[in-house]
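Data block below; observations after.
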Amino acid sequence: MRVPLPLVSMIALLLFCTPALAEEMITASAPTPRAAPSQAFEITLGAGYAQGIGDIGSNQRALGDISGAGGEARNNIEVKLSVTAADGKDYDVT
């Protein structure tokens, strides 16, 4: 009986090869939860630009012929406070 070489190689690989564990196994623990800040100040800035291109449909003008470019500038300032109510619970106020 003649056994094909790929089969012999596969059996030898499964029997004699073990995984190489080059690094130590490290178990990670969950990070310690931290309390939310009681007072925070936040500034948000944003900008945007839009330019339409292409045809709207057949036998109609192109989008660039009936509209132009558009832009946007945005800012936002927030103060966040933590308030303790009469019932003893903390509430965040924005």
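Listing for the model above:
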item	result
Mean ellipticity per residue at 222 nm, deg cm²/dmol - from DSSP H runs of n ≥ 4 across the chain, formula -39500 (n - 2.57)	-4500 deg cm²/dmol
Hypothetical label at THR44: residues of the stretch 73-92 whose amide nitrogen lies under 13 Å (7 Å Cα-Cβ projection)	74-80
The chain - percent relative contact order, Cα under 8 Å, separation 6 or more	24 percent
Dipole in debye (nearest 20) - the chain, about Cα centre, beta carbon charges: Lys, Arg +1; Asp, Glu -1	360 debye
Cα gyration tensor shape for the chain, rounded if a/c is under 1.5, else prolate or oblate	oblate
Per-residue Cβ neighbour rank within 10 angstrom, fewest leading, ASP87, ASP65	ASP87, ASP65
Acute angle (nearest 10 degrees) that the helix 5-16 long axis makes with the longest principal axis of the chain, alpha-carbon atoms	80 degrees
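Readers should treat all values here as calculations from the given coordinates under stated rules, not as data from a laboratory. Fair warning: this is a prediction, and the values are worked out from it, not measured in the lab. Using ideal geometry, Cβ is built from the backbone for each residue, glycine included, and neighbour counts are taken over all protein chains shown.
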